[in-house]
Amino acid sequence: MQPKVDTSPQVSDEVRQTTCYMCACRCGINVHLKGGKVAYIEGNRDHPVNKGVLCAKGSAGIMQHNSPARLRAPLRRVGPRGSGEFEEISWDEALDLAVSWMKPLRDTAPEKLAFFTGRDQSQSLTGWWAQQFGTPNFAAHGGFCSVNMAAAGIYTMGGAFWEFGAPDWDHTKLFILFGVAEDHDSNPIKMGLGKLKARGAKVIGVNPVRSGYNAIADEWVGITPGTDGLLILSLVHCLLRAGRIDVEYLTRYTDAPLLIDCDPKSDSYGLLLRDTQGRAQVVDRATGRAVPVDTAGVAADPGGQVRQAGLTHVTVLHRLAETYLKPEYAPEAVASRCGVPAEQIHALAGQIARAAFEDPVVIDQPWTDWHGVQHNKMVGRGVAFHAMRGISAHANGFQTARALHMLQILLGAVETPGGMRFKPPYPKPADAHPKPHAQARAGQPLDGPPLGYPMGPEDLAVDDAGAPLRIDKAFSWENPLSVHGLMHMVISNAVAGDPYRIDTLFLYMANMAWNSSMNTRGVMEMLSRTDETGAYVIPRIIYSDAYSSEMVAYADLILPDTTYLERHDCISLLDRPVSEPDAAADAIRWPVVAPDRDVRGFQSVLLDLGARMGLPGMVQPDGTATYADYADYIMRHERRPGVGPLAGWRMGDGGVQHGRGAPNAAQIDSYVANGGFCEMHLPEEARYFKPWNAAYQAWAVQTGLQDAPSPYRFTLYSEPLRRFQRAAEGHGDLQPPDHLRAPLAAAMTPLPEWTAPPAPQGYPLHALTQRPMAMYHSWGSQNAWLRQIHGHNPMYLPTAVMREHGLRDGDWARVTSPHGQVTVPVAEMAALNPNTIWTWNAIGKRAGAWALSEDAPEAKKGFLLNHLIHELLPPKGDGLRWSNSDPVTGQAAWFDLRVRIEKSAPPTNPIPPQSSPVPAPPTDVRWQVKD
Ligand code: SF4
């Protein structure tokens, strides 16, 4: 009598393998098709990133691909900006219009085009395009995301976390996670945590909020936001006091034994002692004399000291110990500010020391270092860390991230078994990256890429008077090391004409009219602001996106993009690849289904625009386009001879090979046949100690990751930072404006220091956002399946705050910052720092956008904390408005937000709905895939 249920129905008649784009992790997916339609998505078990694991977002890709919010055709604005009134136009009309706006700018003043992209994965193409156009005004979204993490890592050790490196999940015994929500590196961290749990390794979470990964941690440290740097420096204090640092590792592989001029009266105070050939010096233990570092056979003394020319020089390690052994870093001195009891800090330091030094991780694998010295084993420390946006999105985030990298290095826990491991093409130190190029010339490309890594004031993007050359003021005295640009400042600077006005703002995948901006209402107003003549202050806005986001309504011209299943993409070793510590890997996306709308992949459109404007590299001498589309570019473009966007299946003398080689017209077919990716495994002897490992360096040259062996030392003491600090002190020809001297001198300390985040009076609570595991930025809450997990976002309040204000779950509260107010539904959460409230980010939507109905919970109960944050700090009374960002990199300090709350009625003045160019949402999104 039981019904017959087919428990193994045939779900597909074809499987196509590509790369997920439901978040930034880039997992491999098998897309099951039935009758030519997407029927089911599963993880690709062979893929290096996810090994078959698929998260909720990844499986819900089918709903993203079929989203009612998908744009359908190119659009030209016909109503006022913000009205959402558009007319459909043809691609030829759209491209002609775009060229008619941009080509005259290139011919006269290329910097008048500002080209900024959001969370795209094609920055090696987009950066090259901007360079060929000749505008310095290019960057992606890193400036408002996690540039502090990346920049601090690269300046300190040539790599950071996530795309640059990963914990040694197979060997670490103690894993400490700082400030990580659930979005970045999503599946790999989940898989890694699973491995740790299976092995019984200990996991400690340091985070004001105990959700997600922290909820499964063995120990939770509910730190006060913005104090991670102070806690880390206190741990360093404890380890130094206990003598628990790896002096041998520090002496061999880092700048610890290098000598610094420590005479404040000297002209070179704070710089490394160098010989006439510029070689940094160490003290030879045998003679007590200064000799060039890496002199064959010399044993450097990490505690050495010399006097030369009447000046005293001590080692970096000496200076470091002197700094952090000060009582101000003792646990008892920092505990109350960190919200972590002194005993817990001592205990944490003790756990780290025991895991690192009482039970080293030993791998029986001989290797040879760059001096030719043979080592018969690989020995490591068994302590690994990971951190992300939580510690970096503060005004002290750069130095906090540097402090964390310093802690890892002091333990000898970077590129050693059990510690943090780099993912090729990293390690790659700051001086191996290009410098920024910003000198725009009419009709000419830039001399090099717009983004890069300054090593001193001479590399800044400023004019002869010291004024910024870029619209976002990146690489200026205000933010010298803004290696990812400052996208969050583009619109406000352009409207203020500071440093100058632009003509065309060209954006891709960046929801600047909503969740990607601070001061959201203000940005919406700026996007539609007119001057005294009635003309828009930003005269033209071109926007490309696949979906009808809030930003669409503010553009003049829409270039509709495809979904990720309908396009070619290249996840390149030139950009942000999918490598793992044991293998360099890159990947593609390809159209596993054809678009059913009049849309085109943005990267193909960009190349088409480049060809129509005659940009170098995109057009042939006869005027025809160099590349038919992005797929053609991926296969034929060469950045250096033999090195192109994809490293797999290139043409060598003996046939097809991976790494270096000539272009191959069948390259993408080979990727498709291989599941969408290519892996190049490291030799066994190259797997650890990469910066100093002769086998790794040779392999990296052979595979085209670098052109020559480039061993280097980690930099605990940052000379580039010291050079800027010296300029602030008045040394050198290049000088900052006077009002920036003191802030620069305080921010650019060569050893990491902690500075307290702003704490405005009358705002006792910290307010944070976190990305949920099931959502990726604003994309998730248009997705019919994912909306069922997070349809709206309450503000989570600690129990004592709920009681104090007489609040119960579901009540409403007004949250006020120095900048504004939002009224939000509240929910109680006990596992929370007592002075912190938080919510999920980017769930709240503006009514009318994303093809959601106007009474969707995302619009009615969901909210956006961004309304409370401003890109400028409140006035301090000095006549200036200071940026709400890290003074080193310009990273937006989202998490420095301070608020107060009070019980309230539900909100009565929501932002009015906006019109959308896509049809009204369907009432039913069900369908059945049939043969
Ligand atoms: S972690 Fe990200 S890339 Fe991986 S399956 Fe989930 S959404 Fe896709």
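The values are calculated or read from the model by the stated rules, or taken from the named source; none is laboratory data. All values reported here derive from a predicted model rather than from experimental measurement. All Cβ positions, glycine included, derive from the backbone under ideal geometry; neighbour counts span all protein chains shown.
Would you check which residues across region 411-428 are touching a Lys or Arg at 6+ places or on another chain (Cβ under 9 Å) and not hydroxyl-bearing (Ser, Thr, Tyr) and list them?
To start, the set of residues in region 411-428 that are touching a Lys or Arg at 6+ places or on another chain (Cβ under 9 Å) comprises 411-419, 421-422, 424, 426-427.
411, 412, 413, 414, 415, 417, 418, 419, 421, 422, 424, 427, listed by residue number.
For region 445-478, enumerate the residues that are farther than 19 Å from residue 126 by Cβ and out of contact with any Leu (no Cβ under 7 Å at 6 or more places or on another chain).
Here is the first cut: in region 445-478, the residues farther than 19 Å from residue 126 by Cβ are 454-460, 462-469, 473, 476-478.
Within region 445-478, 455, 456, 459, 460, 464, 465, 466, 467, 468, 469 meet the criteria.
Conditions tested, residue by residue: (1) in contact with a helix residue (DSSP H, G or I) (Cβ under 7 Å, 6 or more places away or on another chain); (2) crowded, with 24+ Cβ neighbours inside 10 Å; (3) modelled with pLDDT of 90 or more.
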{"position": "852", "(1), (2), (3)": "yes, no, yes"}
{"position": "869", "(1), (2), (3)": "yes, yes, yes"}
{"position": "887", "(1), (2), (3)": "yes, yes, yes"}
{"position": "891", "(1), (2), (3)": "yes, yes, yes"}
{"position": "897", "(1), (2), (3)": "yes, yes, yes"}
{"position": "900", "(1), (2), (3)": "no, no, yes"}
{"position": "905", "(1), (2), (3)": "no, no, yes"}
{"position": "909", "(1), (2), (3)": "no, no, no"}
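For region 14-54, the set of residues classified as in contact with an Asp or Glu (Cβ under 7 Å, 6 or more places away or on another chain) and assigned to a loop (DSSP other than H, G, I, E, B) consists of 23, 25, 35, 48, 54, listed by residue number. The strands (runs of 3 or more DSSP E) found entirely in region 213-296 that carry 3 or more residues being under 29 Å from the mean Cα position of the chain (by Cα) and closer than 28 Å to residue 346 by Cα are 219-221.
Across region 62-76, which residue is farthest from residue 554 (Cα to Cα) among those that are surrounded by fewer than 23 Cβ atoms within 10 Å (Cβ to Cβ) and not polar (S, T, N, Q)?
62
When residue 575 is tested against the conditions (1) at pLDDT 95 or above; (2) surrounded by fewer than 24 Cβ atoms within 10 Å (Cβ to Cβ); (3) in contact with a helix residue (DSSP H, G or I) (Cβ under 8 Å, 6 or more places away or on another chain); (4) not polar (S, T, N, Q), the lone failure is (1). Screening residue 649 with (1) touching a Leu at 6+ places or on another chain (Cβ under 9 Å); (2) crowded, with 19+ Cβ neighbours inside 10 Å gives one miss only, at (1).
When 801, 815 are checked against the criterion of being modelled with pLDDT of 95 or more, away from the ligand (no atom under 16 Å from the Cβ), farther than 22 Å from residue 220 by Cβ and β-branched (Val, Ile, Thr), a single residue qualifies: 815.
Among the criteria (1) closer than 25 Å to residue 490 by Cα; (2) of a type outside the set (A, V, I, L, M, F, W, C); (3) within 16 Å of the ligand (Cβ to nearest atom), the one residue 51 does not fulfil is (1). Within region 47-73, residues that are within 26 Å of residue 212 (Cβ to Cβ) have Cβ atoms under 7 Å from residues that are within 9 Å of the ligand (Cβ to nearest atom) and of a type in the set (S, T, N, Q) in these pairs: 49/187; 50/187; 53/187; 55/186; 55/187, counting only partners at least 6 apart in sequence or on another chain.
Residues that are surrounded by fewer than 16 Cβ atoms within 10 Å (Cβ to Cβ) and in a strand (DSSP E or B) within region 297-315 comprise 305, 307, 308, 312, listed in sequence order.
When every residue of region 550-566 is checked against the conditions, none turns out to be surrounded by fewer than 18 Cβ atoms within 10 Å (Cβ to Cβ), hydroxyl-bearing (Ser, Thr, Tyr) and assigned to a loop (DSSP other than H, G, I, E, B). The lone criterion from (1) within 15 Å of the ligand (Cβ to nearest atom); (2) in contact (Cβ under 8 Å) with a residue 60 or more places away in the chain left unmet by residue 42 is number (2). Taken over region 457-471, residues that are touching a residue at least 40 places away in the same chain (Cβ under 8 Å) and surrounded by fewer than 22 Cβ atoms within 10 Å (Cβ to Cβ) amount to 2. No other residue among 633, 671, 688 is at pLDDT 95 or above and under 22 Å from residue 27 (Cβ atoms) apart from 671.
Put simply, of 28, 35 the only residue that is away from the ligand (no atom under 16 Å from the Cβ), touching a residue at least 60 places away in the same chain (Cβ under 8 Å) and over 28 Å from residue 525 (Cα atoms) is 35.
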